[in-house]
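What follows is a single structure, written as structure tokens, with notes after it.
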Amino acid sequence: MKKRVATCGEQERTDGEDLVTQNTNQTCETIADDEDEEFSHPIPWRKIEAEGLDCDHGLLFTKEEADRLFSRLEEEVEYFAGDQAKVQLYGKLHSIPRQQATYGDEGLMYSFSGVHLLARPWTPTLEYIRDAVTNATGQTFNFVLINRYKDGHDHIGEHRDDERELDPTCPIASVSLGAVRDFIFRHKDARVGPKKRQIEPVKLELAHGCLLLMNSPTNTYWYHSLPIRKKVKTPRINLTFRRIIRSRQRSDIKNK
Ligand SMILES: O=C(O)CCC(=O)C(=O)O
């Protein structure tokens, strides 16, 4: 496997509505000449580490390229409708406050929150973005979950991407296009309950064209969310590239 290249970034600091970003123990790696050639998009990575959290982020696309990709995705992506645009909570179906779509290699299916979403075949634009992520990271991906937020009212609640079919050795690679949104990590022990610990949340601003890598074991210990931001008036598309292990997919589900 290729080695991921990261450079020291400045400590991220944003004037959020309620939280302060906490980035600690940043690590540096240097880009050797021969490694440089392996990556057609070398990224000046920024590292974020906290207890059980390991992420890298950086800009993958220029503004012009990100604008073009956003427009193409607006034309190409077919979002789910009907029951497939819902999640199941305590046996009842609920509409989700955003649009969702899944694409990937033939026959792959991703199951979460009581829904089972079959991958549509890759579109040319999704292949292009997937390959740019692979060039930047050295990781391969066979599936992408797309979330479209029409404005700052659309959001995603706290959750972990820890489904059994996800390859734990592969980071989840999250590409953001469109409106800048806050993204918040909260440690599982800092949520509720008698054993609640005082662990500061970690907040990032996800910019147009950026790539965030959630490395193992982040999704074991940390929940993440994209909260409501009423001042945001424009849409955002997020693509989370994942590697699904076929043999771990639910075999009892027949998808349409
Ligand atoms: O839109 C985002 O940045 C977050 C999406 C997300 O949490 C997910 O796909 O699991």
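Each value in this text was obtained by applying a stated rule to the coordinates, not by laboratory testing. Keep in mind that this is a model prediction, so the values were computed, not measured. With ideal geometry, Cβ positions are generated from the backbone for all residues, glycine too; neighbour counts draw on all protein chains shown.
Some observations on this one:
- From 156, 184, 237, 129, residue being of a type in the set (A, V, I, L, M, F, W, C), more than 20 Å from residue 49 (Cβ to Cβ) and touching a Ser or Thr at 6+ places or on another chain (Cβ under 7 Å): 156
- Selection from the range 124-134 of residues that are over 17 Å from the mean Cα position of the chain (by Cα) and buried (at least 17 other Cβ atoms within 10 Å of the Cβ): 125
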